[in-house]
Amino acid sequence: MSTINAVIASASQQFKTSIGRPMFRFCVIGQPILFGLILGMIYLEKSNIDFTLFAVFGSGLSTFWSSICFSSASDIHRERWYGTLETIYSAPVGFKWIVLGKIIGNSIWGVFSIGLSFSVVVLLFQRQIIIGNLSLLLVGLFLMTLSLIAIGYLFAALFTLSRNARIMMNFMEYPVYILCGILFPLEQLPLLIRSFAYVLSPTWAVKIIHLAVSGSSLFSAINYIVGLVVITIIYGVLAVYFFEKIDVKCRVEATLEVY
Amino acid sequence: MAGLIDPIKRFFRKGTFAYKSTFAVMSLQQYLMVNLGAPLMQMLCFTLVANYVYGSQNITTWFIGNAVVLTYFNAIFGVGTHLSAEKSFGTLKLLIASPSNGFNLLLPRTLLHIFDGILTIFIGLIIGALFFDFHLPIEAWLSFGVVLLAASFSAMAFGLIIASIGLASRDLNLILNVVSMSLLGLTGANFPISRLPEFIQPISQMMPLTRSITLCRALYEGTPLSENTHLLLGEIGLGVIFMIIGTSLFKILTKKSIQSGVLEFF
């Protein structure tokens, strides 16, 4: 019970404090608006389905991903700069649970950015938004949120012992937009790259959202749903494994704050 | 002769120091990821979007727009962050107290970024030649180079305005990102300017790179530079105006902050 309380408290604290950072404010407020406008203009003369998929949901999903890149992936690095990493690391409840809370706090803002981008694009462009299967869309968005929490968690673990976190988070943004079919159909990419894209969970989430927009049934999306759940679990397990490894490494080498 | 050479040497030395202060701390791998990786990925992403939206027969037009707009990375995230970095390092007061005037302090800071910006575009063009059917006739390369130089100059001069605004702002990251996104949207790199609402279109013409993108597309389509010299002069003129605004802002803000004793406390 104390673990759950710690996760909730960490999420709540992160939710309140992360928005104080200008870069994060840009990610969850500025970027959904500006990216939505740019994508809306680009997709202005495409069909309503394309507009819905790539201007409305594309801008939302991309900003959610950016918020993961510019917050969850670098939160450990930030704690190191603040000088608070040792304190949360040695907390009795466990470092990995506190980090999980932080990722959840950030992801709530990520969901907000999807809503903001959706509202801005719909209001300003006055286009007909196609959502063929609302329940499938909600399932897709829910699973996507869980999956992005898992990715953020995995990145947080991997970047705990890296000095390159800030560099990496800048570099990771666009490759995922490209590889996961967030801003254009995945079929634009060569087959070889497309197969690699399925290692990334946003690809599966985007497929589910595309099926929901085109009105497919829950049953026809079941392969993608199962794929997304499996890959999310793999990310989660890997993240926990890395946190355990890092814990041992940091204690043996005493290098937690040196990276 | 030495009297003439010394200021030039000093100018280049200042430019080199300013550039090194931004990137020397990085390893080669980090430098490549920041300076080339992220901009080129952005170019690739928006060109693929254009490939889907406008069709593969028009891809080169949109590829050129996205390649030229890459210079803003150096302008906004390089030149634009110089003065706030000095503030963070605690060296801003030394800079302000030096006998150099605003122009001498700011202009050298753009120097290597101008060439760096062109290098980024050039690598982007190689990617375009490999994947997006970008083939510029050999006789157009010189004109293309001149336009890229003008584009990079104008973008870096724009970066000086951002750098000066950064002196008075604690939220520079927010400003940098809003401006960079605005350049993506307003320069015509990704969609025709005519799609913008009428009241925004004049703003588009006041942005750096808008004219350079039009010029590069015209050169690619075979129109000689001599037919569009007004656009080239417009881009250079815009760069000069940005430089004057940037320098004046710098002078006004430093004077104001010295008077009120808040130089490093904004």
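Every read-out reported here was derived from the displayed coordinates using simple, explicitly stated rules and does not represent laboratory data. Owing to the predicted nature of the structure, the values given are computational and were not obtained by experimental measurement. Don't worry about glycine lacking a Cβ; one is built from the backbone with ideal geometry, like all the others, and counts go over all protein chains shown.
Using only Cα atoms, find the angle between the long axis of helix B:59-68 and the longest principal axis of chain B, and express it within 0 to 90 degrees, rounded to the nearest 10.
The angle comes out near 10 degrees.
Could you compute the longest span of chain B free of GluC sites (Glu not before Pro) located in DSSP loops and having at most 15 other Cβ atoms within 10 Å, not counting the site residues?
No qualifying site falls inside B:1-197, the longest such stretch.
Between 0 and 90 degrees, rounded to the nearest ten: what's the tilt of helix A:31-42 against the longest Cα principal axis of chain A?
30 degrees
Straight-line reach only, C-alpha to C-alpha below 19 angstrom: list the lysines that B:Lys256 could link to, leaving out same-chain residues fewer than 8 apart.
By straight Cα distance, B:Lys256 reaches B:Lys87, B:Lys93.
Longer than 27 Å from Cα to Cα, which of A:Lys16/A:Lys96; A:Lys16/A:Lys245; A:Lys245/B:Lys20 are they? Say none if no pair is.
Violating the 27 Å Cα-Cα cut-off are A:Lys16/A:Lys245; A:Lys245/B:Lys20.
Cut-off is 10 Å between beta-carbons; in what order do B:Cys216, A:Cys27, A:Cys69 appear when sorted fewest neighbours first?
Placing the least packed residue first, the sequence is A:Cys69, B:Cys216, A:Cys27.
Averaged over its residues, how many other protein chain Cβ atoms are within 10 Å of peptide A:32-40's Cβ atoms?
Rounded to a whole number, the mean comes out at 4.
Give the order of B:Ser88, A:Ser74 when sorted by the count of other beta carbons within 10 angstrom, beginning with the fewest.
With the sparsest Cβ surroundings first, the list reads B:Ser88, A:Ser74.
Would you calculate a helix-derived [θ] at 222 nm for chain B, using -39,500 (n - 2.57) for each DSSP H run of n ≥ 4 and dividing by the full residue count, to the nearest 500?
-24000 deg cm²/dmol
Arrange A:Arg127, B:Arg211, A:Arg251, B:Arg195 by Cβ neighbour counts within 10 Å, fewest through most, would you?
Lowest to highest Cβ neighbour count: A:Arg251, B:Arg195, A:Arg127, B:Arg211.
Eigenvalues of the Cα gyration tensor times 5, then square-rooted: what semi-axes does that give for the protein assembly as shown, in whole angstrom, largest first?
One finds semi-axes of 39, 32, 20 Å for the protein assembly as shown.
Could you work out how far helix A:2-18 tilts from the main Cα principal axis of chain A, as a 0 to 90 degree angle to the nearest 10?
Between helix and principal axis, roughly 70 degrees.
Tell me the mean residue ellipticity at 222 nm calculated for chain A from its helices only (DSSP H runs of n ≥ 4, each -39500 (n - 2.57), averaged over every residue, nearest 500).
The helix contribution divided over chain A gives -23000 deg cm²/dmol.
Let me know the mean shielding of B:30-40 by other chains, meaning the per-residue number of their Cβ atoms within 10 Å of its Cβ.
Averaged over the peptide's residues, the number is 3.
Cross-link candidates for A:Lys207: which lysines have Cα within less than 29 Å, leaving aside residues fewer than 8 places away along the same chain?
Within the straight-line limit of under 29 Å, A:Lys207 reaches these lysines: A:Lys46, A:Lys102.
Assign unit charges at the C-beta atoms only (+1 for Lys and Arg, -1 for Asp and Glu), then state the dipole size of region B:11-260 relative to its Cα centre in Debye, rounded to the nearest 20.
So the magnitude is around 1060 debye.
Say the dipole of the protein assembly as shown comes from +1 at the beta carbon of Lys and Arg and -1 at that of Asp and Glu; which of B:Leu174, B:Tyr31, A:Ser90 then lies farthest toward its positive end?
Sorting the options by dipole projection puts first A:Ser90.
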